[in-house]
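Undergrad: Here you go, one structure.
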Ligand code: COS
């Protein structure tokens, strides 16, 4: 076991940190205020390899290991969770699902364009009545001649309103539950009957796009199936094993940002003739943030280590996602407390950190679902079916 990052990983950390500090952090508050989705930032990330970290070079990616992927995600998340969310969906849910399940033709067709940022993707699993119970899909896909015809509604889909391509999970067999689902790749501009409506007035992630998708007799080519017919639930769960890893890494970034802001403020802010950082109760909060952050980062790296070995990482990923997302909420709460009233306005970034952290305990599986997965993996007993 080696706790040191490799030279390559250190270089990647430095590159991602510099990019995030120069290009993302300075505009994060204004984008949040204006709920502005900043696509230009993604275009700038692509040439640096940041949009295709773990994708092999032969498909246009950077060919990085999963720890490096987490490092990039942490650094982007340290600057802005909205950009980090877009990144997580693009790389972890969309690119890695196509890499894992796509035909050679699908990989050649989509991955280079996704890594270059020419195509933006989204992952359409959630429905009004299929949140935690992901297998309860109502969206249908029926084969008519040489086309699959999709009908249904997806909701709370990150990137949906700005995406060019969607991975859509739909029901192809009503007589089965999990085995009745299939994943499809849908190219928005090439089809009819695919419309979106943005979800507004969110607590956080205000400069990321979240939308509903309406599929109305949306006909797509027969070869749009990702994986096999009936394998959609496994595509979705495998995708979430990657997506949750990325969310966890992003939350480590929030935790680190909370430490950075709090340390800076606690050293400068003077009360009772002393910097408030010299008070033990403030040090208590800083210490708890630091311990949480170190633990969260190590849990992410552990999951990354399992992924690097090519092994199933469901347990390690859920542990990391559960701990890191809850730690980010705790850290952001304490960061506001340390900043006092100043932390309650967007003059300082910590209120955004709290608003952005909260959703990480909900999306890509709530903390409760992560605990059920951890329980299921350890006990080998399912909670539901
Ligand atoms: N990787 C691969 N296969 C998986 C898997 C994973 N991580 N998790 C489950 N599966 C497989 C199981 O092995 C099982 O296959 P078999 O029937 O061949 O044994 C099948 O999928 C069904 O699994 P399970 O019975 O555990 O499914 P449940 O309906 O009980 O659901 C939970 C399991 C609750 C964990 C799942 O629905 C879930 O993750 N819900 C949250 C959804 C979510 O995160 N939504 C947010 C979306 S934001 S993109």
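Undergrad: Only Cα pairs within less than 10 Å get springs; with that Gaussian network setup on the chain, which residue of 326, 364, 268 has the largest fluctuation?
TA: Per the Cα network of the chain with a 10 Å cutoff, 268 tops the list.
Undergrad: For region 7-120, what relative contact order do you get, as a whole percent, if you take Cα pairs closer than 8 Å and at least 6 residues apart? Can you show the working numbers first?
TA: Working: 126 pairs, mean separation 35.0, N = 114.
The value is 31 percent.
Undergrad: Something else now. What angle, in degrees between 0 and 90 and rounded to the nearest 10, separates the Cα long axis of helix 7-19 from the longest principal axis of the Cα atoms of the chain?
TA: 80
Undergrad: What does the helix-only formula give at 222 nm for the chain: each DSSP H stretch with n ≥ 4 adding -39500 (n - 2.57), the total divided by the residues, and the result rounded to the nearest 500 deg cm²/dmol? Don't jump to the answer; show the numbers that get you there.
TA: Numbers: 12 runs with 183 residues, N = 385.
Only helices count here, giving -15500 deg cm²/dmol.
Undergrad: I've got another one for you. Taking the Cα centroid of region 127-167 and of region 243-300, what is the distance between the two, rounded to the nearest whole Å?
TA: If we compute the Cα centre of each part, the gap is 39 Å.
Undergrad: Under 16 Å from the 7 Å Cα→Cβ point of residue 44, by amide nitrogen: which residues of region 1-37?
TA: Only 15-32, 36-37 pass the distance filter.
Undergrad: Modelled label-to-label distance, residue 36 and residue 311, 7 Å Cα→beta-carbon offset: nm?
TA: Roughly 4.7 nm, to one decimal.
Undergrad: Could you tell me the relative contact order of region 234-379? Use alpha-carbon pairs under 8 Å, at least six residues apart, and round to a whole percent. Mind dumping the intermediate values first?
TA: Values: 178 pairs, mean separation 45.0, N = 146.
Relative contact order of region 234-379: 31 percent.
Undergrad: In degrees between 0 and 90, to the nearest 10, how far off the longest principal axis of the chain does helix 232-268 point, with axes built from Cα atoms?
TA: Tilt relative to the chain: about 20 degrees.
Undergrad: Need one number: % antiparallel among DSSP beta bridges in the chain, to the nearest 5.
TA: On the way: 31 of 36 bridges.
Bridges in the chain are about 85 percent antiparallel.
Undergrad: Quote the relative contact order of the chain in percent (integer), defining contacts as alpha-carbon pairs under 8 Å separated by 6+ residues.
TA: For the chain, the relative contact order is 16 percent.
Undergrad: Mind telling me which of 297, 109, 244 comes out most flexible in a GNM of the chain, alpha-carbon contacts under 10 Å?
TA: The residue that fluctuates most here is 109.
Undergrad: Roughly what angle does helix 104-115 make with the longest principal axis of the chain, taking Cα atoms, 0 to 90 degrees, to the nearest 10?
TA: 30
Undergrad: If you don't mind, another one. Mean-square fluctuation check for the chain, GNM, Cα pairs under 10 Å: which of 333, 159, 129 is largest?
TA: Highest fluctuation among the options: 129.
Undergrad: Here's something else I'd like to know. For region 67-94 and region 370-385, what is the centre-to-centre distance using only Cα atoms, to the nearest Å?
TA: So the two Cα centres are separated by 27 Å.
Since every read-out is calculated from the coordinates, none of them should be taken as a lab result. Just so we're clear, the structure is a prediction, and the values are computed from it rather than from any experiment. Don't worry about glycine lacking a Cβ; one is built from the backbone with ideal geometry, like all the others, and counts go over all protein chains shown.
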